[in-house]
1. On the basis of being hydrophobic (A, V, I, L, M, F, W, C), in contact (Cβ under 8 Å) with a residue 60 or more places away in the chain, surrounded by fewer than 19 Cβ atoms within 10 Å (Cβ to Cβ) and in contact with a strand residue (DSSP E or B) (Cβ under 7 Å, 6 or more places away or on another chain), does A55 make the cut?
2. So, in the stretch 58-79, how many residues would count as being within 27 Å of the chain's Cα centre (by Cα), crowded, with 21+ Cβ neighbours inside 10 Å and either over 18 Å from R103 (Cα atoms) or within 12 Å of the ligand (Cβ to nearest atom) (or both)?
3. Identify, by number, the condition in (1) over 23 Å from the mean Cα position of the chain (by Cα); (2) modelled with pLDDT of 85 or more; (3) crowded, with 21+ Cβ neighbours inside 10 Å that Y348 doesn't meet.
4. Which one of L143, L90, L113, L131 is surrounded by 13 or more Cβ atoms within 10 Å (Cβ to Cβ), at pLDDT 95 or above and either of a type in the set (V, I, T) or assigned to a loop (DSSP other than H, G, I, E, B) (or both)?
5. Within the stretch 266-283, track down each residue that is more than 18 Å from I349 (Cβ to Cβ) and of a type in the set (D, E).
6. When the residues of the stretch 241-258 are filtered to those that are of a type outside the set (V, I, T) and not in a loop (DSSP other than H, G, I, E, B), which remaining residue is modelled with the lowest pLDDT?
7. Kindly check whether there is at least one residue in the stretch 159-172 that is under 20 Å from W39 (Cβ atoms), touching a residue at least 24 places away in the same chain (Cβ under 8 Å) and among the small types (G, A, S).
8. Just one of the numbered conditions (1) small (G, A, S); (2) over 19 Å from A231 (Cα atoms); (3) at pLDDT below 95 is not true of G303; which one?
Amino acid sequence: MLALLLAAAFPLLPTGDPDVSAPARRPVQATDGDRTTWWGSAPGFPAWISVDLGAPTRLDRLAIDWEPVTYPTAYRVEASADGTHWCSVLHVAAWGGETHDERRMEPVTARWLRVTGEAGPNHWGMWLSELSVFGPADPKRNLAAGRPTSASGTIARALTPADKADVADAIAIGDRLYHAHDFAGALAHYRAVYNPLGWLLRAQEPRTMFEALRLRVLSADFRLRHPNARAERPRKLVMLVVPRTDLVLPGPPEAPAPIQVHRALDESQVALTREGLFWFSESFLALTDGRVGWDVSVERLEGYTVAAQSRVVYTRDAYQLMAQLEPGGISPSIQPVLDRHADADMFYIFWPGTHPGLQQHVTNGGSGTVWAKGTSRACLLSEGDACEPYGFYNTLTWFHHEFFHQVEFGYWDQDFPKEPMHAWQDRPNWPADFVGEQEWDFYENVYRRRVLPLDGLDRMTWSTGLYPRGIWSHPGP
Ligand SMILES: [Ca+2]
């Protein structure tokens, strides 16, 4: 039991992520007939891609499906009979960047065709999902389909610090616009980095920056269509802020002197987490197509202290302390507070952590009745010294992850915790009808394919064994 609870405290275990970057960018993906795969050039211009049609062929038209943002503002098309000598058949001097681009070109008989981007609106180079070539003999037949390609270069896997700065800037600007209800402007800023850099971000560990961006795209896209949407079922989330931690914990067996932890709250962490809960609610609203969102309120528990931790374990290699809070470890008892918020659907308890500089790590944890004795409602517990804008804890994915434990609790047909813990983070364990590849994809599938069709996520008081066996392994009703 202890091992399971400790496992639960680490919300974002590595998932054995496949190399998602490699299959999605190679030049051959430009002629594979699949608009969800693309070739991406190395950053900068000029950049080119060519296709070998296999034999001299009469050509007079081409179509290109560009990725938004990563397109050339000027490009040329050349043809060749030998792959060495090229003649120009089309020059586009001012391309506006629409995603589908279809053009007649100078009729020519050639075996190779090459598209060269000359300049672009940014430094990301040119990405396209499909290059199609047509001739007069059979105007509808794409002569490039399945044909081999070569290219000037392909974007490297590595995400640079400048890329990350671009993403952080775009999120900061986009967020300001979003809060001002300029959802189109916000979405434009998010997409300006999401489209060219999203797949690179996705390959990073932890993927929290990718997920921060991805969920903002989701939210802004929803708000653009439903600017004034309010949840059909607004849920109440109460963030309880405990201002002090005063702990005396036993030391590890090798150094049994007590460990003292005395900390006050870092207010910047409160603000960062409050903003995170805003995005949790917005992304939840989008995820549930307007069904469920969270009304967040904050209550400071002045005079309260985290005075006890329920579980304490030491890892020998780093003398690292791991401990976990239960609401019962707060003094005085917060039971009257919980009772006063009898209509709350979820509590989020936030306290001064012990993270930096102490070789100690009081973990975060989530989920209801196991820890949150005294309430059968959702309860997330989180240390308040571990927040970083795109760090590991108190991120969007963390909120969704921990809340999903509640959903698992309420809708699964076995006792909690589930065995093995976090099995759903691994793609092979998903139900057969689920699509996607990553943890967030799993949540989308869960809500849209199971929980919403079943009861619209009405269940907010969590107990076990309430739905028939098999809800997770078979398509929902
Ligand atoms: Ca493709």
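The values are calculated or read from the model by the stated rules, or taken from the named source; none is laboratory data. Keep in mind that what you see is a predicted model, and the values were worked out from it rather than measured. Cβ atoms come from the backbone with ideal geometry, glycine included; neighbour counts cover every protein chain shown.
1. no
2. Pass one, the stretch 58-79, residues within 27 Å of the chain's Cα centre (by Cα): 65-71.
Now restrict to residues that are crowded, with 21+ Cβ neighbours inside 10 Å: 66, 70-71.
Add one more test, that the residue is either over 18 Å from R103 (Cα atoms) or within 12 Å of the ligand (Cβ to nearest atom) (or both), and what stays is 66, 70.
So the answer is 2.
3. Y348 satisfies all of (1) over 23 Å from the mean Cα position of the chain (by Cα); (2) modelled with pLDDT of 85 or more; (3) crowded, with 21+ Cβ neighbours inside 10 Å except (1).
4. Answer to the selection: L143.
5. The answer is E282, and nothing else.
6. Initially, the stretch 241-258 is screened for residues of a type outside the set (V, I, T), giving 243-244, 246-247, 249-258.
If we keep only those that are not in a loop (DSSP other than H, G, I, E, B) as well, we get 244, 246-247, 249.
Values: R244: 93, D246: 90, L247: 82, L249: 76.
Applying the filter and picking the extreme gives L249.
7. No, the conditions are met nowhere in the stretch 159-172.
8. (3)
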